[in-house]
Amino acid sequence: MCFRGQVTGLMTSQSNRERALHTVPASLALQLIELVGRWHLPAEELLAGVGLEKPPDDPMDRVPVPTMCALLERARLLTGEPGLGYYMGLQKRVSVYGYLGFAATSASSVREALELALKFAPMFSRALTIELRTNDGLASLYVHEHADLGSARDIVLISLMFGLHTIAAALTGRAQVGSYEFTFPEPDYYPRFEHLAPRTRFGQPANRILIDAAVLDSPIVTADPTALRLARTLCERQLEELGFDTELVDRVRRLIARDESGFSSLEQVAARIHLSPRTLKRRLAAQGISYSSLLDRERRERALALLRSSRLSIDEVAERLDYSTASTFVRAFHRWTGTTPAAYRRAKVRAPGATTRE
């Protein structure tokens, strides 16, 4: 029985129809079923709560994001374990990522494995994307959300970010020291897991992992150049079959951030890559993204950088970001972070050991 077909009737609201545009591999559902077995919870009982009769037959099948989130919340309820995300992160195996996991295990270094993840992540899911930034000896691995994860948001983000650290330790053969930042408030269950991730801050402007940039050059113990060539071919083939064009999205992002004086318009970007604005919008939509969302992300990241590392006034920052008024910028910043630009700047100035490194 097709896993996707069983859940079609569950997604009736407009919100769910939009969220259903995002899917994840059925391997994640199988991993969850395996995990809850530790609480002696039958798979049938877990699945019945979201209208499913049996586990998926094919790990490569696709599960709509609303269904996966419902499974996570039901697992949390039935096990009585609110910190389920940490358990999932601890048991995370690179094999759950299929061909992409195969490529990562064959890469020569952590940096190369992350570059592969950045390029081929859409074949796993478009609900979340990752972005690597390095500056002044610090590497930041951002996790961007493109789907409504509902009340399972903490489970998803913790399991992903903590899981990436677990996988990095397995690939390099040694524990990697880093810190975590999450945008949601500190959950009540965190003190029970603080020993696993002591360097964690909640209520931050972005979801990200911070590590020493030198870690990126750590060799991977299972590196295999021949296997890597095969893995790349398999990933590229699957990405093509799914209809993704990650190079277009990356190129548009680079062209949007024109320079420190402002951002490029849709028409300007389209002209640079020899497409009509209408065609560019259509091709971006096929990747589950829009020009406006890419522009919004670039404005957000530049705003955070300017508020941390410059003495510009709020009005001047708004002007640098191409906002017509400072009040428009303040509203956008509150939407991004839940606070105001002035409050964010004051908090960064007061923070012990505050740094402008990204």
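Quick look at the numbers
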| read-out | value |
| --- | --- |
| Leading residue at positive end of dipole, the range 159-306 (Cβ point charges), from Ser276, Ser218, Leu164 | Ser276 |
| Backbone HN-Hα couplings from phi across the range 138-154 [Karplus 6.51/-1.76/1.60, Hz, Gly and Pro as x] | 10, 10, 10, 9, 7, 10, 9, 9, 10, 9, 6, 8, x, 6, 8, 4, 5 |
| Glu53 - accessible surface, heavy atoms, 1.4 Å probe, Å² rounded to 10 | 120 |
| Rounded to the nearest 20 debye, dipole of the chain from Cβ charges on Lys, Arg, Asp, Glu | 760 |
| Share of carbon and sulfur in the accessible heavy-atom surface of the range 285-325 [1.4 Å probe, %] | 48 |
| Exposure ranking of Thr105, Thr226 by accessible area [1.4 Å probe, largest first] | Thr226, Thr105 |
| Heavy-atom accessible area ranking, 1.4 Å probe, most first, across Tyr180, Tyr99, Tyr87 | Tyr99, Tyr87, Tyr180 |
| The chain, helix-only ellipticity at 222 nm - DSSP H runs n ≥ 4, -39,500 (n - 2.57), divided by all residues, nearest 500 | -15500 deg cm²/dmol |
| Acute angle (nearest 10 degrees) that the helix 246-256 long axis makes with the longest principal axis of the chain, alpha-carbon atoms | 20 |
| Kirkwood Rh (inverse of mean 1/r, distinct Cα pairs), the chain, angstrom | 21.9 |
| Relative compactness, the range 28-141, computed as alpha-carbon Rg over 2.2 N^0.38 Å | 1.22 |
| Sum of side-chain charges, Ala107 neighbourhood, beta-carbon under 14 Å (Lys, Arg +1; Asp, Glu -1) | 0 |
| Prolate/oblate/rounded label for the range 146-282 (Cα gyration tensor, a/c 1.5) | oblate |
| Listed residues Gln268, Gln91, Gln31, most fluctuating in the chain (Gaussian network, C-alpha, under 10 Å) | Gln268 |
| Nonlocal amide H pairs with Ser109, under 5 Å, H built at 1.01 Å | Ile220 |
| For the range 182-198, Karplus couplings with θ = phi - 60° (6.51, -1.76, 1.60), whole Hz, Gly/Pro x | 10, 7, 7, x, 4, x, 4, 7, 4, x, 5, 10, 4, 5, 7, 9, x |
| Candidates Val65, Val269, Val94, ranked by Gaussian network fluctuation over the chain, Cα under 10 Å, top entry | Val269 |
| Whole-Hz couplings from phi, Karplus 6.51/-1.76/1.60, listed for the range 199-213; x for Gly and Pro | 9, 10, 10, 10, x, 8, x, 8, 8, 7, 10, 10, 9, 5, 4 |
| Amide H contacts of Thr200 (H built 1.01 Å from N, under 5 Å, at least 5 apart or other chain) | Tyr180 |
| FRET efficiency estimate (nearest 0.05) - Cβ-Cβ, Ser327 to Asp224, R0 56 angstrom | 0.50 |
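The values are calculated or read from the model by the stated rules, or taken from the named source; none is laboratory data. All of these numbers come straight from a predicted model, not from anything done at the bench. Methodologically, a virtual Cβ is constructed for each residue, glycine included, from the backbone with ideal geometry; neighbour enumeration extends over all protein chains shown. Remember, those area values only see protein heavy atoms, side chains included, never the ligands or the DNA or RNA. Shrake-Rupley method; radii C 1.70, N 1.55, O 1.52, S 1.80 Å.
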